[in-house]
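Asks: I have a structure I would like to understand better, so I am pasting it below and will then ask my questions one at a time.
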């Protein structure tokens, strides 16, 4: 395999929300935690489940299912928190994202990723980086930096009780 071909392969962490498979670039994933106690913060949006204590740091936790218009995540033996790094206003922030389950880390070559389909002007899909194809299934590859709007992220920052 040539060096150029090796550069085209990226690794993605796959996870489930309801019956759909999503993926995040492993470069944005810090760690995966078992579900733990989440402290709710009053007057935050529904998708903001609260904060966790991660080795002495306050980390906001969001419910991706609610953010995507699905029902709220229910705690099961497989429920986990994916801790990710996001870029917001030129800074790196740490955030936890609830997932029904983590599947696996997969390799996808550039030719296995299709562009996001254009659904219409009123439906925002800019948070989807592409559609990964594995066998006969599609995996929605998320751009974690764009999953939440700037207004939503600003709200999360102001809701955090402790500054970093």
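Just so it is clear, none of the values below were taken in a lab; they were calculated from the coordinates. A quick note: this is a predicted structure, and the numbers were derived from the prediction, not measured. Ideal geometry is used to build each Cβ from the backbone, glycine not excepted, and the neighbour counts take in all protein chains shown.
Asks: Can you put 55, 49, 43, 30 in order of Cβ neighbours within 10 angstrom, beginning with the fewest?
Replies: So the ranking, lowest neighbour count to highest, is 55, 43, 30, 49.
Asks: Taking other Cβ within 10 Å of each residue's Cβ, how do 16, 10 sort, fewest first?
Replies: 16, 10
Asks: In nm, to one decimal, how far is the modelled label at residue 39 from the one at residue 135, with both set 7 Å along Cα→Cβ?
Replies: Computed distance between label sites residue 39 and residue 135 equals 4.3 nm.
Asks: To continue, here is another question. In nm, to one decimal, how far is the modelled label at residue 94 from the one at residue 58, with both set 7 Å along Cα→Cβ?
Replies: Calculated label separation equals 1.4 nm.
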